[in-house]
1. With each pseudo-label sitting 7 Å past Cα toward Cβ, what's the Arg87-Val41 distance in nm, one decimal?
2. Leaving out ligands, DNA and RNA, and with a 1.4 Å probe, what % of the accessible surface on segment 249-321 is carbon or sulfur?
3. For Arg64 and Ala277, what does the FRET efficiency come to when R0 = 25 Å and r is the distance between their Cβ atoms, rounded to the nearest 0.05?
4. Looking at the chain as a GNM with Cα springs under 10 Å, which of Ala165, Ala291, Ala45 has the largest mean-square fluctuation?
5. Which value results when the Cα radius of gyration for segment 69-157 is divided by 2.2 N^0.38 Å?
6. Counting only DSSP beta bridges with both residues in the chain, what percent are antiparallel, rounded to the nearest 5?
7. How much length would be gained if the chain were fully extended between Arg128 and Arg150, taking 0.36 nm per residue of separation minus their Cα-Cα distance, in nm to one decimal?
8. Leaving out ligands, DNA and RNA, and with a 1.4 Å probe, what % of the accessible surface on segment 87-178 is carbon or sulfur?
Amino acid sequence: MSKFINSVAGPIGIEDLGKTLMHEHLAIGLPGWEADALAGVRTKADLIARCVDLIQELQSHGFRSLLDPCPNDIGRDTDLMGEVAGRTGFNILFATGLYEDVLAGSYWKLKAARDPDAEKYITDMYIREIEHGVPGRGCKPAIIKVATGRAPFTSFEQMAMRAAAAASIATGLPITTHTAGADGDRQLQYLTDCGVSPHRVIVGHSCGSSELHYHRSICQRGAYIGFDRFGLTQFNSDENRVASLCTLLNLNYAPHIIVSHDCVFNMRGQLMGRSDAPPVVTPMHFVRHIAPLLRDRGVEQTVIDALLIDNPRRYFQGIRP
């Protein structure tokens, strides 16, 4: 079992993670945002300032770490992460990976279509970052990101999953996934068919569904399940999420559950509203709004703490839930 984990500032002890959010984003830039000539210009200093403000607020609530699983092709910015980590002393973990077919960069889709060795190339790219660090910075990812839309998965998504599985097996790094709030059971099946152990996988955005059989199918396989979009009510209501979470807790699936928000601190360009629009949900939403609802339903604070402290640590240590 691993005792250390890579952060953007270098290796840290897994025991030093403390209270951790497992799916937040300092910045995202969907392919093509640079071409938006009407979007307001935000400087690197602007992006850093917002991140520092939000991180410091997290620190005031006892948080010590977060995972930013932004894939390489939708604006992963390790320079920004490194600057924010340096200014705050906060542990920021990041990913290597590619995004789902619909929003993935055209470079990678063209490479997958035209290069017969694309799968090996992508696998080697993941392994190179894991073992030698991001070119130009040297920082190493803590996790591999997989992303798919709704099933049936496209040939590009299947190739990216195979590459992620091969890199995970070769390096020992775990996998976290993006789903459309469904089909995570099929995603997990695909990854395990490729040889990945279920307990090395977080099936992300599973709280987009309120179906108990769906949640149980993932937990019963031995994987971790992401209740990681609290506050994003366009995908499901928090009331439904809390009800589903409490049901799983009552069924003794607490060790399988990861909680977070999928908060985007900075969205590059101007998809909606102003270019400097604040996040739709803040990373304090869980402790401010969800934890009180859980306590009102009889969930002990020790259980809530375990979701934020024990489960991330166990996942990174490679311990079965």
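The values are calculated or read from the model by the stated rules, or taken from the named source; none is laboratory data. Remember, it's a predicted structure, so these values are computed and weren't measured experimentally. Using ideal geometry, Cβ is built from the backbone for each residue, glycine included, and neighbour counts are taken over all protein chains shown. In case anyone asks, the SASA skips ligands and DNA or RNA and just uses the protein heavy atoms, side chains included. Shrake-Rupley method; radii C 1.70, N 1.55, O 1.52, S 1.80 Å.
1. 2.0 nm
2. Values: 1720 of 3440 Å².
Answer for segment 249-321: carbon and sulfur cover 50 percent of the accessible area.
3. 0.35
4. Comparing Ala165, Ala291, Ala45 in a Gaussian network model of the chain, the most mobile one is Ala45.
5. Cα-based Rg divided by the globular estimate yields 1.17.
6. Working: 4 of 27 bridges.
Beta bridges within the chain, antiparallel portion: roughly 15 percent.
7. Between Arg128 and Arg150, full extension yields 5.0 nm more.
8. Accessible surface attributable to carbon and sulfur in segment 87-178 totals 51 percent.
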